[in-house]
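Read-outs throughout are calculated quantities, based only on the coordinates presented, and are distinct from any laboratory measurement. All values derive from a computational prediction rather than experimental measurement. So basically every Cβ, Gly included, is an ideal-geometry build from the backbone, and we count neighbours across all protein chains shown.
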Amino acid sequence: MKFQKPDTIISSSLHCICAGFIAGTLAGCTLVLLVMLLSAPAGATAMDDMTADDMHRIENPAAVRQGTLLFKGEQDFSVAPILKTDVQINVTGMIARAIVKQHFRNPDTTWKEGVYVFPLPEDAAVDHLRMHIGQRVIEGQIQERQQARKAYEQARSEGKKASLIEQERPNIFTTSVANVGPHEEIVIEIEYQHVVQYDTGSFRLRFPMVVAPRYIPGRPVAPKEITVNTFEGTGWAIDTDQVRDASRITPPVLHPDQGKINPVNIEVHLDTGFSLQHITSSYHNIDIKQESETGYRLTLENNTHADRDFELVWKPEPDKQPRAAFFSEHKNGKQYGLIMMLPPEQTRGEVLNREVIFVIDTSGSMSGTSIMQAKAGLELALAELKPGDRFNIIQFNSYTELLFQVPQPVTHQSLRQAKNYVRNLQAQGGTEMATALQAALKQTSEHTGVRQVIFLTDGSIGNEDALFRIIRQQLGNSRLFTVGIGSAPNSHFMSRAAEFGQGTYTYIGKVEEVQEKMQILFDKLQHPVLTDIRTTWGDDLAVEAWPQKIPDLYLGEPLLISLEAEALPENLHISGMVSNSDWHSAMKLQGGKEQTGISVLWARKKIAALMDQLNSRTEQDEVRRMIIDTAMAHHLVSKFTSLVAIDVTPARVREEILKSQSMPVNLPAGWEYEKVFGQLPQTATDAELYLIRGMLLLITGLLLAVFSRRYTRRYAFTV
Amino acid sequence: MPLRFKKLIVFCLLVVLLLSGVWQIGTGSYIHAKAILAQILLETAWSETLKGHKEVKPWPWADTWPVCRLTVPRLGISRIVLAGASGSSLAFGPGHLFGSAASGEYGNTVIAGHRDTHFKFLQELKTGDAIEMQTSQGINIPYRISEIRVIHESETHYLDRIDANILTLITCYPFNAIRAGGPMRYIVIAKQLQPKII
């Protein structure tokens, strides 16, 4: 071996390092040029055989850049009243009457007002409010919304204990309770009633527990733009031009790190009137006790917090399956009725040459368990496609993106592309649903057959009415099927969107349910639909029945009609169309079971129908008046009527200050806080780290080179 | 032969060290090169934007577009700001946060940038420094820095809509940290100097 001087070794190694550094930098720059000039975008290269042209992004800049989660200032929850909820639900046959007790306890030494935004089933008819102060009970009165608020605000400033129940959406209500004294507890008792859902042989009772954070599209409106009739809410969002009451439907959300709040107890007394095959709670552990042949008492396990929907499902014995039911009530000189009828099952008809548009919500609120459920559901639906069908996938968050420019025929190739696309979906960003809905309903091919839009979302948006308008105006010959995803879906959006879309809605609350629930949906999609349903009562009787336009019925769905009449009709004739042929049926309305609350259900149905007309009809004031009249007559909370309860004696002297607190809520189970509320952007790269690491490696190389030379040299001398 | 064997090991080790060193330095300089090159490409897109074209994509597959230009005369700094502050757009330039006031619009305009590339200059800014923002209509809006502070990433109220015309610049802190992903942010708030004419 040739002898080398140490400095030569070092200099040659230095050369080596310099060369390495230059080579690295050059490699990096070359890579930049290569990537920028030759390759496709990173998102697309990740997919096996997808080119950039395969995906089509629709941008709606005006909408996209404005809507997001716009915050108001920070709040201190440490001194807000502490909440606990007790729920008792009595189910008789198909009707559920529930009492919800909200306990507001003031942990502080100052006087408090608590404002709590909470959910109820979307068809809940709220007809009672009772305020419990110690042993005393004050019954709430129904008043027009502005009037009730004025009365409440006056009582609040006079130091009287007062409470107010307002409706923000059919499934979102606000309880306000004023002048809760230091370390005092006030209990607000709310009573409501609704019809248990009966579908595909099972009965379902849903009790939502938390209003999920809603995405608020639109530009903020300055406070001066708000008319005197509105009043600012206490939520985290700012009112926008698209969601005028955003601040009223966005209760502050506690960060999950701070633990769960709002414990809930639920007790259900179930008397179905028929023997049951099984009874299950879908998402909670419950304790079941059989009290009689058809009666059960169910209680929720302790330590449950309000962070997801509660659902109870029961299934009658196969031969006890009710096919028709009639309930009646005589009230204030009028007769009320509720009719349920299950049309005979049609034989499965293979639906051929469908065009199926899948729409999947990939916004931040879907992040976590929801997107997994949605992806699993979508994958099953893709597997159901038949040769001859055409399909497309649309995802939306802040943007809307189409997998294919136009729906593609089902082939191995297109299905594989679709599966890859679904697998790579990620949930983040806003929920600009309108553009996605428009893209889904838009006819892009000359397809004339059945067109089905399957819409998977949690519906966490605040602009429901605007979306319903799009569905009504642009539906064409498409049918919209909503699939509600996650632990706390927006049930009002799911059910109404499906109704306007002449389809059905399905809920998936956990991954284990995906298979079963999607199968029910597939069965509905492949059986003939009963359409153009009309009712006649005979004998020229004056019958006011709701809904006036009966929605199409899919497999396993019952017909539900509420009616009011001077005298109950004896017969009901129903006609409709199924598979292009006429269908007739008749039902005797005698010997109906007398039950209280049937009138309330009728009034609630009527209000729901009138609320729809508010959006479409020109005589808005007249419709509004009708809603108020109906609500007042039946003591019901509506968008325009509220329940207010006021104590007569002032409790707080004027000198003492009253502090208003909005009650925080939990983040729904399975959600990711940061994906919804965001965080300050991550603004650093690892460039420095890479450079230092690279230098260290090269220096280690240098040392090694020097060391090994020395070693070799010494070795050479000894030889 | 022990000597040959040892030599072989040393040689292999050297090759591995050299290659991984080259790879690491390559990756590091790739990030910087991308940041510099993108701003050059963005200049063209920006001049197109100023001519009245909307949402000019700087390269065909870009998912972002330039929305305004920031200049700091004292430091001779000029940066073209992109729409959106996602990781992919921040690699090419500072990003304007969706949902914050658009450039030239009333409210709080929030722009984020990488502390080691485009927004490295933030550490040299001082209260009272002038910043100019050129909107896509070509209007220059002058701002003056009123506040500089270090905050935690959870303090999202700095993104809030507020009732004033301000510009909020965000980058990660500390500037010389080696690893990305720290929880601290460096925030520069500048107030608009005169009501703009639009």
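Summary of computed values
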| item | result |
| --- | --- |
| Protection-proxy order for peptides A:578-591, A:136-149, each taking the mean of Cβ atoms within 10 Å per residue, highest first | A:136-149, A:578-591 |
| Where Rh is the Kirkwood radius over Cα pairs, Rg/Rh for chain B | 1.13 |
| Point-to-point label distance, A:N303-A:V79, nm (Cα→Cβ direction, 7 Å offset) | 3.3 nm |
| Sites matching trypsin sites (Lys or Arg not before Pro) across the stretch B:1-56 that sit in DSSP coil, with at most 14 neighbouring C-beta atoms within 10 Å | B:K51, B:K54 |
| Pairs of Lys in the stretch B:7-192 closer than 23 Å at Cα, counting only those 8 or more apart or on different chains | 4 |
| DSSP bridge orientation in the stretch A:350-525 - percent antiparallel, rounded to nearest 5 | 15 percent |
| Out-of-range pairs (alpha-carbon distance over 22 Å; input A:K315/A:K517; A:K315/A:K588; A:K331/A:K639; A:K160/A:K639; A:K334/A:K605; A:K320/A:K593) | A:K315/A:K588; A:K331/A:K639; A:K160/A:K639 |
| Per-residue average of Cβ from other chains inside 10 Å of A:695-705 | 5 |
| Qualifying trypsin sites (Lys or Arg not before Pro) for the stretch A:629-666 [loop in DSSP, other Cβ within 10 Å: at most 15] | A:R654 |
| Shape of the stretch A:350-525, Cα gyration tensor, a/c cut at 1.5 | rounded |
| Sites matching GluC sites (Glu not before Pro) across the stretch A:247-296 that sit in DSSP coil, with at most 16 neighbouring C-beta atoms within 10 Å | A:E291, A:E293 |
| Fraction of the pair-distance distribution of chain A above 45 Å, Cα-Cα pairs, percent | 31 percent |
